[in-house]
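Peer 1: Below is a structure I'd like to ask you about.
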Amino acid sequence: MYSRGLIEALSDAHLQRTKAGKEAALQRIQKERSPSRDIEMLAKIQPKTRKLRAFKELQKAKLEATLPKAPFHRQFALLFKRAYREVARNKAVIAIKAAQQITTALVYGGIFSFTNSSSSIQDRFGLISLVAIGALNLNLAGTVRSFLKEKEVVDAERTKNTYSVFPYFLSKLAAEAPLNAVLSALFGVLIYPLVGFQPSWRKFSNFVGITTAHSFASSALGLYLGAVAKSTDTALALMPPLIILQAVFNGVNIAEENTPRVLRWIPKVSLVRWCFEGLAVNEFEGLEFERPMRPGMRRPGKPLTGDEALERVSIVNGSVKRFPRMQE
């Protein structure tokens, strides 16, 4: 690295035209390039270099201090073990959730009874919407309440850099997944034959799979809501408008093209909407409904297909395979 004086001396030597001027410039160059001059420059540079190196080491130490020492898989394994024990320990909560699923299925089964008449189209859409909204409400409320109880403990452990946020949330969702799957299967086993959904193992497995995935997504939304809320009262106050918005834009109350432009993003992120669409496509595909006899008609008209019924609620080219991707 050349000093400023050396650069000026070289420039001066280039500009000199007389012999005496060039010799004076060369002497100046030699002076600027003398070992003593280099030593002086190094003495000035080295303290700055040491300070820069010390600053970088300090920043690196601070960054390492904010990161947990255990690797990701170790954090996840320990957190999953603790979360699973917590879920298995609360037998009373499990019993209450199971009773809720059984009671809801029995109530729906006592109200709805599907036939092949065209009048059952509205009934099927109504029940499917209730199933999606009810699953969101139960899983969202349960997760928010349980997470807020342990939020203070989590915050205290996080201040000590015991673990990161991602393995904690992932382990909590994984620990609650088996219970949510069992409860969804219990609900499906009861309600499916009671109301008269399509008697097909493939349709039944799709029904259970969609409701289970919907419960996972609702639980994840509950964790997010509990994390951003500063208190229990705040979280519980945010729940009703969140549920109402998703219930309003569930895919059947208002067509997406008729939604106000500023609100058109809500149906795209509504968990209820995508659960409703998945269950509706699963149920109506392959169905045929008898048209009612009207005065003056000698025989019923052409049967109404399930695809035509789906078009009435703006579900065109729908597929059950779309549902898991949209819930993500």
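Peer 1: With (1) farther than 23 Å from residue 181 by Cα; (2) part of a helix (DSSP H, G or I); (3) at pLDDT 85 or above as the list, and residue 114 as the residue in question, which single condition is left unmet?
Peer 2: So residue 114 meets the others, but not (2).
Peer 1: Moving on to the next point. Identify the residue in region 104-122 that is touching a Phe, Trp or Tyr at 6+ places or on another chain (Cβ under 8 Å) and closer than 25 Å to residue 139 by Cβ and, among all such residues, is least open to solvent (accessible area, probe 1.4 Å). Lay out the reasoning, then the answer.
Peer 2: Of region 104-122, the ones touching a Phe, Trp or Tyr at 6+ places or on another chain (Cβ under 8 Å) are 104-105, 114, 116-118, 120-121.
So of that shortlist, the ones also closer than 25 Å to residue 139 by Cβ come out as 104-105.
On the way: 104: 45, 105: 0 Å².
Out of the qualifying residues, it is 105.
Peer 1: Do we find a residue being of a type in the set (Asp, Glu), surrounded by fewer than 19 Cβ atoms within 10 Å (Cβ to Cβ), in contact with a strand residue (DSSP E or B) (Cβ under 9 Å, 6 or more places away or on another chain) and at pLDDT below 85 anywhere in region 310-321?
Peer 2: The first filter runs over region 310-321 and keeps only residues of a type in the set (Asp, Glu), leaving 311.
Adding the requirement that they be surrounded by fewer than 19 Cβ atoms within 10 Å (Cβ to Cβ) leaves 311.
Those still in the list that are in contact with a strand residue (DSSP E or B) (Cβ under 9 Å, 6 or more places away or on another chain) too: none.
No, every residue in region 310-321 fails to be of a type in the set (Asp, Glu), surrounded by fewer than 19 Cβ atoms within 10 Å (Cβ to Cβ), in contact with a strand residue (DSSP E or B) (Cβ under 9 Å, 6 or more places away or on another chain) and at pLDDT below 85.
Peer 1: Starting from region 78-101, keep only residues that are under 23 Å from residue 154 (Cβ atoms), then list their pairs with residues that are among the acidic types (Asp, Glu) whose Cβ atoms are within a distance under 7 Å, requiring at least 6 positions of separation or different chains.
Peer 2: Hits for this filter: 87/176.
Peer 1: Which one of the conditions (1) at pLDDT below 85; (2) under 24 Å from the mean Cα position of the chain (by Cα); (3) among the aliphatic types (A, V, I, L, M) does residue 77 fail to meet, given that it meets all the rest?
Peer 2: (1)
Peer 1: Hey, another quick one. Only one of these is modelled with pLDDT under 80 and either under 27 Å from the mean Cα position of the chain (by Cα) or surrounded by fewer than 16 Cβ atoms within 10 Å (Cβ to Cβ) (or both): 267, 240, 324. Name it.
Peer 2: Working: 267 fails: modelled with pLDDT under 80; 240 fails: modelled with pLDDT under 80.
So the residue among 267, 240, 324 that is modelled with pLDDT under 80 and either under 27 Å from the mean Cα position of the chain (by Cα) or surrounded by fewer than 16 Cβ atoms within 10 Å (Cβ to Cβ) (or both) is 324.
Peer 1: Suppose we filter 144, 182, 154 for residues that are open to solvent by 60 Å² or more (accessible area, probe 1.4 Å) and either assigned to a helix (DSSP H, G or I) or not basic (Lys, Arg) (or both); which single one remains? Quick ask: steps written out before the conclusion?
Peer 2: On the way: 144 fails: open to solvent by 60 Å² or more (accessible area, probe 1.4 Å); 154 fails: open to solvent by 60 Å² or more (accessible area, probe 1.4 Å).
Only one candidate passes the filter, namely 182.
Peer 1: In region 157-179, how many residues are among the aliphatic types (A, V, I, L, M) and surrounded by fewer than 14 Cβ atoms within 10 Å (Cβ to Cβ)?
Peer 2: Step one: filter region 157-179 for residues among the aliphatic types (A, V, I, L, M), giving 165, 170, 173-175, 177, 179.
Imposing the further condition that a residue be surrounded by fewer than 14 Cβ atoms within 10 Å (Cβ to Cβ) reduces the set to 165.
Total satisfying the criteria: 1.
Peer 1: Kindly indicate whether residue 90 is open to solvent by 50 Å² or more (accessible area, probe 1.4 Å) and within 25 Å of residue 221 (Cα to Cα). First the steps, then the outcome.
Peer 2: Details: open to solvent by 50 Å² or more (accessible area, probe 1.4 Å): yes; within 25 Å of residue 221 (Cα to Cα): yes.
So residue 90 fits the description; yes.
Peer 1: Could you go through region 293-309 and let me know if any residue there is in a helix (DSSP H, G or I), over 19 Å from residue 218 (Cβ atoms), at pLDDT 85 or above and hydrophobic (A, V, I, L, M, F, W, C).
Peer 2: Within region 293-309, not a single residue is in a helix (DSSP H, G or I), over 19 Å from residue 218 (Cβ atoms), at pLDDT 85 or above and hydrophobic (A, V, I, L, M, F, W, C).
Peer 1: Still on this structure: Count, please, the residues in region 212-236 that happen to be open to solvent by less than 10 Å² (accessible area, probe 1.4 Å) and either polar (S, T, N, Q) or assigned to a helix (DSSP H, G or I) (or both). Even if it seems obvious, please write down each step before you answer.
Peer 2: So in region 212-236, the residues open to solvent by less than 10 Å² (accessible area, probe 1.4 Å) come out as 214-215, 218-219, 222-223, 226, 229, 235.
Then drop every residue that is not either polar (S, T, N, Q) or assigned to a helix (DSSP H, G or I) (or both), which leaves 214-215, 218-219, 222-223, 226, 235.
Number satisfying all stated conditions: 8.
The values are calculated or read from the model by the stated rules, or taken from the named source; none is laboratory data. Every value quoted in this text rests on a predicted model; they were computed, and no experiment measured them. Note: ideal-geometry Cβ built from the backbone for every residue, glycine included; neighbour counts use all protein chains shown. Please note that ligands, DNA and RNA were not included when accessible areas were found on the heavy atoms of the full protein model with its side chains. Shrake-Rupley method; radii C 1.70, N 1.55, O 1.52, S 1.80 Å.
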